[in-house]
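Undergrad: There's a structure below that I have some questions on.
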Amino acid sequence: MEVIVKPTYDEVSKLAAGMIAEFLRCKPRAVLGFATGSTPLGTYKELIRLHREEGLDFSQAVTFNLDEYIGLPKDNDQSYHYFMWENLFKHINVLEANVHIPDGMSEDLHRHCLEYEEEIFDHGGLDVQLLGIGSNGHIAFNEPGSSLGSRTRIKTLDEKTRQDNARFFKSIDEVPRYCLTMGIGTILEAEKLILLANGANKAEAVQKTVEGPITASVPASAIQLHPNATVIVDKAASGKLTRKYPGAPAMLDL
Ligand code: GLP
């Protein structure tokens, strides 16, 4: 696993966007896995800038999102559909037909999950998957205790995740209790993983992910099994790491 510590969130975002852009330039039909949450917003902003100012072309790209709440319609401003269109897709030239986000309103959620897996497979698998991390160590909505071999499925949200995400809703009572999420097994099959974290509230989860044992109690620790995973964190999120990493605060004159 490659761990890169950048001084600021802005630099984390630019590096991540640059890596995704490089993928897309080398492979215009790349299958890109995207994430939601506040962490990837800077990356999306930079991808939009690269599209507008440097002609980064998404016209042949295929996208798959990690997860979605169950019960929120696509036009609900807290749905991940809404989030992705508002914060990325409507600003770039990706084709709507090439965008895939789990449908939390599907009438047959179990079947939908199986079909989502099939669609990823039919497109040749994920080339690169962007990931954030929950303060409890979750990736996508794979909460602590999730099987490390899990596939796309229905999950119950952890209370900690509901509390963390309540800031986006009017009250915690409005935060959905269930979701659809790619599994950890699904995520680990991507060719390349890029996990981002910023802020001191992620420092403990980052330390456990990078330096702790691989355990379902910290789902993100499963990325230690991946042969091509890069973790990019800002100085605050690196605060509890005990080893030295390229660009780590201890090695830089910050
Ligand atoms: C949600 C998403 C995750 C994301 C996490 C962290 O729970 N399902 O994919 O990593 O939030 O969110 P934030 O980046 O806002 O801290």
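The values are calculated or read from the model by the stated rules, or taken from the named source; none is laboratory data. This is a predicted model, so every value here is computed, not measured. Cβ sites come from the backbone with ideal geometry, for glycine too, and all protein chains shown count toward neighbours. Accessible surface areas use protein heavy atoms only, side chains included; no ligands, DNA or RNA. Shrake-Rupley method; radii C 1.70, N 1.55, O 1.52, S 1.80 Å.
Undergrad: Where the accessible area of the chain is counted over protein heavy atoms with a 1.4 Å probe, how much of it, in %, is carbon and sulfur?
TA: Values: 5680 of 11340 Å².
C and S fraction of accessible area: 50 percent.
Undergrad: What pairs from LYS202/LYS244; LYS6/LYS244; LYS90/LYS160; LYS90/LYS170; LYS208/LYS244; LYS208/LYS240 go past 21 Å between their alpha carbons?
TA: Details: LYS202/LYS244 18 Å; LYS6/LYS244 13 Å; LYS90/LYS160 31 Å; LYS90/LYS170 25 Å; LYS208/LYS244 15 Å; LYS208/LYS240 9 Å.
In this structure, LYS90/LYS160; LYS90/LYS170 lie more than 21 Å apart at Cα.
Undergrad: Now for a different question. Please report the relative contact order for segment 174-254, taking Cα pairs under 8 Å with a sequence separation of at least 6, and give it as a percent rounded to a whole number. Could the numbers behind the result be given before it?
TA: On the way: 91 pairs, mean separation 28.0, N = 81.
Once normalised by length, the contact order is 35 percent.
Undergrad: While we're here: For segment 24-139, calculate the relative contact order in percent as a whole number, restricting contacts to Cα pairs under 8 Å that are 6 or more residues apart. All intermediate terms of the calculation are to be shown ahead of the outcome.
TA: Numbers: 157 pairs, mean separation 40.2, N = 116.
Averaging sequence separation for qualifying contacts and normalising by length gives 35 percent for segment 24-139.
Undergrad: Please compute the contact order of the chain in relative form: average sequence separation of alpha-carbon pairs under 8 Å and at least six residues apart, divided by the residue count, as a percent. Intermediate results must be reported in sequence, preceding the final value.
TA: Numbers: 537 pairs, mean separation 64.6, N = 254.
RCO, the chain: 25 percent.
Undergrad: Ignoring ligands, DNA and RNA, what accessible area per residue does the chain give at 1.4 Å, in Å²?
TA: Details: 11340 Å² over 254 residues.
Ligands and nucleic acids excluded, the result is 45 Å² per residue.
Undergrad: Can you tell me the dipole magnitude for segment 2-234 around its Cα centre, using point charges on the Cβ only (Lys, Arg +1; Asp, Glu -1), in Debye to the nearest 20?
TA: 380
Undergrad: Express the Stokes-Einstein translational diffusion coefficient of segment 4-88 in µm² s⁻¹, to the nearest whole number, given a Kirkwood radius over alpha-carbon pairs, 20 °C and a viscosity of 1.002 mPa s. Write down the numbers at each step before the final one.
TA: Numbers: Rh = 13.7 Å.
Estimated diffusion coefficient is 156 µm²/s.
Undergrad: Which of the three applies to segment 164-216, rounded, prolate or oblate, going by the alpha-carbon gyration tensor with a ≥ b ≥ c and a/c under 1.5 meaning rounded? Each step should come with its number before you reach the end.
TA: Details: a/c = 2.28, a/b = 1.40, b/c = 1.63.
Oblate.
Undergrad: Per-residue counts of other Cβ atoms within 10 Å, averaged by peptide: what ranking do you get for 229-235, 98-104, highest first? Please list the in-between numbers first.
TA: Details: 229-235: 23.7, 98-104: 21.3.
Going from most to least packed, we get 229-235, 98-104.
Undergrad: More than 22 angstrom separation, counting every C-alpha pair in segment 2-234; what % is that?
TA: Details: 13008 of 27028 pairs.
That tail contains 48 percent of the Cα-Cα pairs.
Undergrad: For n ≥ 4 DSSP H runs only, could you compute -39500 (n - 2.57) per run for the chain, divide by its residues and tell me the 222 nm figure to the nearest 500? Let's see the in-between values first.
TA: On the way: 7 runs with 75 residues, N = 254.
Calculated from helices alone, the mean residue ellipticity at 222 nm is -9000 deg cm²/dmol.
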